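Note sheet for the following structure.
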Amino acid sequence: MFILKNAMRNIVRAKGRSILIGIIITIIALSVCIGLCIRQSAASSKESALSDMTITAQISMDRDKAMSKSSSSSGSISKSKLKSAMKNSSLSLTQLKKYAKASAVKSFYYTLSASVDASGSLEAYSTSSSSNSSSTSSSNSDSKAPSGMTTGDFTITGYSSDEAMTDFVDGTCKIKSGKMFDEGTSAMVCVISSDLAKYNDLSVGDYIKVANPNKSSETYKLKIVGIYKNSQSSTQANMGDPGQQTDPANEIYTSYNTLKKITDTSASKYSSSSTTAISGNLNGTYVVGTVANYKKFKTQVSDLGLSSKYTVSSTDIESYERSAEPLENLSKFAGYFLIVILLVGAIILVVMNIFSTRERKYEIGVLSAIGMKKSKIAKLFMSEIMIIALVAVVIGGTIGTVASVPVTNALLSSQITQSQTKSNDMQQSFGRDNNGAGPSQPSDNSSSSSSNSSGSSSSSASGNSDSNKGAVSNYISSVSNSVNIIVLLELLGSCILLAIIAGMVSVISIMR
Amino acid sequence: MEVLKLENLCFSYGSKQVLNGVNYSFENGKIYAIVGKSGAGKTTLLSVISGLVEPTEGTIYCNGEDMKSQDKYEYRSKNIGVIFQDFNLLTKLTAKENVELSMEISKSNDKQKIDKGEIERKAYGILDQVGLDRDEADRRVLKLSGGQQQRVAIARALSYGPDIILADEPTGNLDEETQEEIMDIMKKLAANGKCVIIVTHSSYVAGCADERIELKTMKKSTKKQ
């Protein structure tokens, strides 16, 4: 105890030196606190965002693998090999349902989507002055149909259950009039967008006629049972010259059974080798819930026999990772900053301590001469720096805690602005207006959330293409409550370690 | 009674032999003055006796015990009190704190409990014995005169009750009057049974000693002869 008492006395009596060391450690503690808070915010944002999310998974063709298998030793792709690999690559409903039996899967839903043309008095909604009622040829880059098929004015999607209609589940779309069709119905009913209804002066109870884009004489009549409003329709319009078919207003929703009936009827009219029939793209979505289950699902599907030419992915996780990109970048930067500040701080403290110890040689000599053991003198010097460090950590940590949230948010905002600028510059290079498109709309989420994405999005026929129906990723733009017990312990630990390293200089000098 | 015995003591700084076969006995209740030319090894002898440096050869017996068998820090904080020419006080502390620290170190080395109140009382008492009142005791040493600082050094050396007091030129930086005052204290210590060994150039101090040791020749002469 007399060592601590003497250490305290020495600190008080040598105010100048103590204050100087204290200021240095306070600055280090403050910077380390902010750095740790940023990293903690990133980690806890990710944890809470992912735990709040209901993670879904999709199985799709591993296009990269297919392309690498189709490439020759010189690196060029063999189109015939690639076509052969891609042929019959879509999984059937039976196969998709098989994988839904994995224990990691909480529920499973599926959709069937097809491309149809307007028929009769029906016109596709369009805001473009040079709209085409149908686009032709397989070279159309907006086409989502397999190569060789014609794309139509509308996308008609059949849902297996209400759960599958994620835009309605998350509130993006809401029925404005009428009602949603019954789950599992095979009646020829549908719901259309309010924009399309207004454009064609349609209301609930009216009928619309759609046609096979490859054969206009093949038509199907659907009764409008409901009209929905898409709250993101204006922001989800495609960039540049919007194609009618990809405009959210031109999306028609019906039941899976209804659309299956249409595609089966269409297929029955032509030979099996013909590509004239309306073809549907089947997408399955497995609701796994958590990231852990998602990882488990990936293992389980291969145990259930999924071929290696397929891959399991999650648009939710991918979407989250996009929204968290600025925060992750900031976290990485904070990590490097932490290392630099600790290194520089250690060097400064060590150098200061070397000079301080030299200055106190007389004192060390006297203490030794009057019988104080070297080990006790070393303890005395170490105690002095530890006491100063503890006080400085408390002060620096307090200031750091208060400043961490505004500093983190300011840096995050700067990161987002940087990302936006980069994105805008890129769009300007392509001569596109970036209003509302892509991951450039920061939302002011006070509790570090989240991204919006549609649930069923990957096409099993066309590989890993992300055919989000108007998905918008919002960057995580603010954090809160970044200081917790772990941060405080890490702060204390790192500053104490610094103090020990600096103190060891004195100890070594004294013991020598 | 013999308190300190030097047997065939040798010390060299590298190749330079400074002490060569010193043999002497010191008794309590006496003042010994070690004199000699500069470079004769007076301070070196004191350093060896106080345990600050180890002899290259020979043995030192303190109260019959070989010094080598004791922990040197315990030896320095129990058996020997050292007074330096430059006082060697801790300048950031007060006079009382310097004395207290010495007692605390001694008790700590002995693994004894440190009673703060008792130590404070003793410190004031010892400082009073050497002629410093309470007000002077509570002053920082830098605010004391040379003579007062030397008194503090003496008090510190006495704080844990050693049998042997070693003083290296204790009056070297002091005026005549203060010199006399300090020597009066030394005489009192000897009268109280301490063995006081003083290294000095001063003829006055040497004159106060009971035995005078000329280091070069190790000739002994007593004042009382």
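Checked against (1) within 14 Å of another protein chain (Cβ to nearest Cβ); (2) within 12 Å of residue B:165 (Cα to Cα); (3) in contact with a Leu (Cβ under 9 Å, 6 or more places away or on another chain), residue B:31 passes all but a single condition, namely (1). All but one of (1) among the charged types (D, E, K, R); (2) modelled with pLDDT of 70 or more; (3) within 28 Å of residue A:53 (Cβ to Cβ) hold for residue A:512, so report the exception by its number. It fails just one condition, (3).
When the range A:249-267 is examined, which residues are found to be small (Gly, Ala, Ser) and assigned to a helix (DSSP H, G or I)? Answer for the range A:249-267, where residues must be small (Gly, Ala, Ser) and assigned to a helix (DSSP H, G or I): A:249, A:266, A:267.
Quick one: in the range A:364-386, of everything that is within 60 Å of the chain's Cα centre (by Cα) and open to solvent by 40 Å² or more (accessible area, probe 1.4 Å), which residue is farthest from the other protein chains (Cβ to nearest Cβ)? Taking the candidates together, the pick is A:386. When we screen B:18, B:3 for residues that are open to solvent by 20 Å² or more (accessible area, probe 1.4 Å), in a strand (DSSP E or B), in contact (Cβ under 8 Å) with a residue 24 or more places away in the chain and aliphatic (A, V, I, L, M), the only hit is B:18. Taking the criterion of being out of contact with any helix residue (DSSP H, G or I) (no Cβ under 7 Å at 6 or more places or on another chain) and assigned to a helix (DSSP H, G or I), the residues of the range B:40-62 that qualify are B:42, B:43, B:44, B:45, B:46, B:47, B:48, B:49. Restricting attention to the range A:5-33, the residues that are closer than 11 Å to residue A:384 by Cα and among the β-branched types (Val, Ile, Thr) add up to 3. Kindly check whether there is at least one residue in the range A:13-36 that is within 30 Å of residue B:92 (Cα to Cα), within 14 Å of chain B (Cβ to nearest Cβ) and either outside any helix (DSSP H, G or I) or open to solvent by less than 10 Å² (accessible area, probe 1.4 Å) (or both). Checked against the condition, which is being within 30 Å of residue B:92 (Cα to Cα), within 14 Å of chain B (Cβ to nearest Cβ) and either outside any helix (DSSP H, G or I) or open to solvent by less than 10 Å² (accessible area, probe 1.4 Å) (or both), the range A:13-36 yields at least one hit. Anything in the range A:88-124 that is more than 22 Å from residue A:296 (Cα to Cα), out of contact with any strand residue (DSSP E or B) (no Cβ under 6 Å at 6 or more places or on another chain) and crowded, with 22+ Cβ neighbours inside 10 Å? List them, or say none. A:118 - this is the single residue of the range A:88-124 that is more than 22 Å from residue A:296 (Cα to Cα), out of contact with any strand residue (DSSP E or B) (no Cβ under 6 Å at 6 or more places or on another chain) and crowded, with 22+ Cβ neighbours inside 10 Å. Among what's in the range A:273-305 and is open to solvent by less than 20 Å² (accessible area, probe 1.4 Å) and of a type outside the set (Gly, Ala, Ser), pick the residue that is farthest from residue A:94 (Cα to Cα). Filtering the range A:273-305 for residues that are open to solvent by less than 20 Å² (accessible area, probe 1.4 Å) and of a type outside the set (Gly, Ala, Ser), the one farthest from residue A:94 (Cα to Cα) comes out as A:278. Just so you know, in the range B:73-103 the residues that are of a type in the set (Asp, Glu) and within 19 Å of residue B:50 (Cα to Cα) include one that is surrounded by the fewest Cβ atoms within 10 Å (Cβ to Cβ), and it is B:86. For the range B:113-134, the candidate set comprises residues that are touching a Ser or Thr at 6+ places or on another chain (Cβ under 8 Å) and either facing chain A (nearest Cβ under 10 Å) or open to solvent by 80 Å² or more (accessible area, probe 1.4 Å) (or both); within that set, the residue that is modelled with the highest pLDDT is B:122. Checked against the criteria, residue A:191 does not count as more than 21 Å from residue A:274 (Cα to Cα), in contact with a Gly (Cβ under 7 Å, 6 or more places away or on another chain), modelled with pLDDT of 90 or more and part of a loop (DSSP other than H, G, I, E, B).
Can you name the strands (runs of 3 or more DSSP E) wholly within the range B:114-225 that have at least 1 residues being aliphatic (A, V, I, L, M) and in contact (Cβ under 8 Å) with a residue 60 or more places away in the chain? Don't jump to the end; show me each part of the working.
On the way: elements: B:164-168, B:195-199, B:211-214, B:219-222.
Answer list for the range B:114-225: B:164-168, B:195-199, B:211-214.
Filtering the range B:63-83 to residues that are within 14 Å of another protein chain (Cβ to nearest Cβ) and either assigned to a strand (DSSP E or B) or touching a Pro at 6+ places or on another chain (Cβ under 6 Å) (or both) leaves B:79, B:80, B:81, B:82, B:83.
The values are calculated or read from the model by the stated rules, or taken from the named source; none is laboratory data. Note that this is a predicted model, so its numbers are computed, not measured. Because the Cβ atoms are built from the backbone with ideal geometry, glycine has one as well, and the counts that use them run over all protein chains shown. Ligands, DNA and RNA are stripped out before the accessible areas are found, and what is left, the full protein with its side chains, is counted by its heavy atoms. Shrake-Rupley method; radii C 1.70, N 1.55, O 1.52, S 1.80 Å.
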